[in-house]
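Here is the structure we will look at, set down as structure tokens.
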Amino acid sequence: QVQLVESGGGLVQAGGSLRLSCAASGSIFRIDTMGWFRQAPGKQRELVASITRSGSTNYADSVKGRFTISRDNVKNTGYLQMNSLKPEDTAVYYCNAYVVRLATMTNYQYWGQGTQVTVSS
């Protein structure tokens, strides 16, 4: 089995910064694309940013220039650096990863449990 564990969420004032981490563990052969999604109350879950294994990135327009996604393929960990945070960034942030498992050598999609980010005005 594979687990994704997020950390780094919390309460921050507008204009502040937070860094989220997503550590993958378990029976992992390789992690392909990793991503961060978020879901605010009453809204659908949306893609914030994604990064391929080779480092190609994609961002939602609302976070471009403020958020940076990165990863460490040796540590099987992904990161989301969030700067210039706004109250509208308040949401539960979820880590997502496509993982090739050792046992099956097949790609599966996994989700973390989510971490709350609250930005006060």
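The values are calculated or read from the model by the stated rules, or taken from the named source; none is laboratory data. Since we're looking at a predicted model, the values are computed, not measured. Cβ sites come from the backbone with ideal geometry, for glycine too, and all protein chains shown count toward neighbours. When the accessible area is computed, the model is the full protein with side chains, heavy atoms only, and any ligands, DNA or RNA have been set aside. Shrake-Rupley method; radii C 1.70, N 1.55, O 1.52, S 1.80 Å.
Answer yes or no as to whether residue 15 is over 10 Å from the mean Cα position of the chain (by Cα) and free of Cβ contacts under 8 Å to residues at least 12 places away in the same chain. Reasoning before the result, please.
Values: over 10 Å from the mean Cα position of the chain (by Cα): yes; free of Cβ contacts under 8 Å to residues at least 12 places away in the same chain: no.
So residue 15 does not fit the description; no.
Restricting attention to the range 28-47, does a residue exist that is aromatic (Phe, Trp, Tyr), on the phi < 0 side of the Ramachandran plot and surrounded by fewer than 16 Cβ atoms within 10 Å (Cβ to Cβ)? I'd like the intermediate steps shown before the answer.
We begin by selecting, within the range 28-47, every residue aromatic (Phe, Trp, Tyr); these are 29, 36-37.
Next, from what is left, pick out any that are on the phi < 0 side of the Ramachandran plot: 29, 36-37.
Now restrict to residues that are surrounded by fewer than 16 Cβ atoms within 10 Å (Cβ to Cβ): 29.
For the range 28-47, residues aromatic (Phe, Trp, Tyr), on the phi < 0 side of the Ramachandran plot and surrounded by fewer than 16 Cβ atoms within 10 Å (Cβ to Cβ): present.
On the given criteria, is residue 50 in contact (Cβ under 8 Å) with a residue 12 or more places away in the chain and either open to solvent by less than 20 Å² (accessible area, probe 1.4 Å) or not aliphatic (A, V, I, L, M) (or both)?
Numbers: in contact (Cβ under 8 Å) with a residue 12 or more places away in the chain: yes; either open to solvent by less than 20 Å² (accessible area, probe 1.4 Å) or not aliphatic (A, V, I, L, M) (or both): yes.
Taking the combined requirement at face value, the residue satisfies it.
State the number of residues belonging to the range 17-56 that are among the basic types (Lys, Arg) and assigned to a strand (DSSP E or B). Show your work before the answer.
Taking the range 17-56 as the starting set, the residues that turn out to be among the basic types (Lys, Arg) are 19, 30, 38, 43, 45, 53.
Adding the requirement that they be assigned to a strand (DSSP E or B) leaves 19, 30, 38.
Number of matching residues: 3.
Applying the selection to the range 79-114, what residues are polar (S, T, N, Q), without any contact (Cβ under 8 Å) to a residue 60 or more places away in the chain and either assigned to a strand (DSSP E or B) or surrounded by 14 or more Cβ atoms within 10 Å (Cβ to Cβ) (or both)? Reasoning before the result, please.
Looking only at the range 79-114, we keep the residues that are polar (S, T, N, Q), and these are 81, 83-84, 90, 96, 104, 106-107, 109, 113.
If we keep only those that are without any contact (Cβ under 8 Å) to a residue 60 or more places away in the chain too, we end up with 90, 104, 106, 109.
Within the range 79-114, 90, 109 meet the criteria.
Could you please tell me which pairs satisfy a Cβ distance under 6 Å, a separation of 6+ or placement on different chains, a first residue in the range 25-47 that is modelled with pLDDT under 95 and among the polar types (S, T, N, Q), and a second residue that is part of a loop (DSSP other than H, G, I, E, B) and open to solvent by 30 Å² or more (accessible area, probe 1.4 Å)?
27/102; 27/103
Test of understanding: among 17, 62, which residue is in contact with a helix residue (DSSP H, G or I) (Cβ under 8 Å, 6 or more places away or on another chain), within 19 Å of residue 121 (Cα to Cα), open to solvent by 50 Å² or more (accessible area, probe 1.4 Å) and not β-branched (Val, Ile, Thr)?
Numbers: 17 fails: in contact with a helix residue (DSSP H, G or I) (Cβ under 8 Å, 6 or more places away or on another chain).
Exactly one residue qualifies, and that residue is 62.
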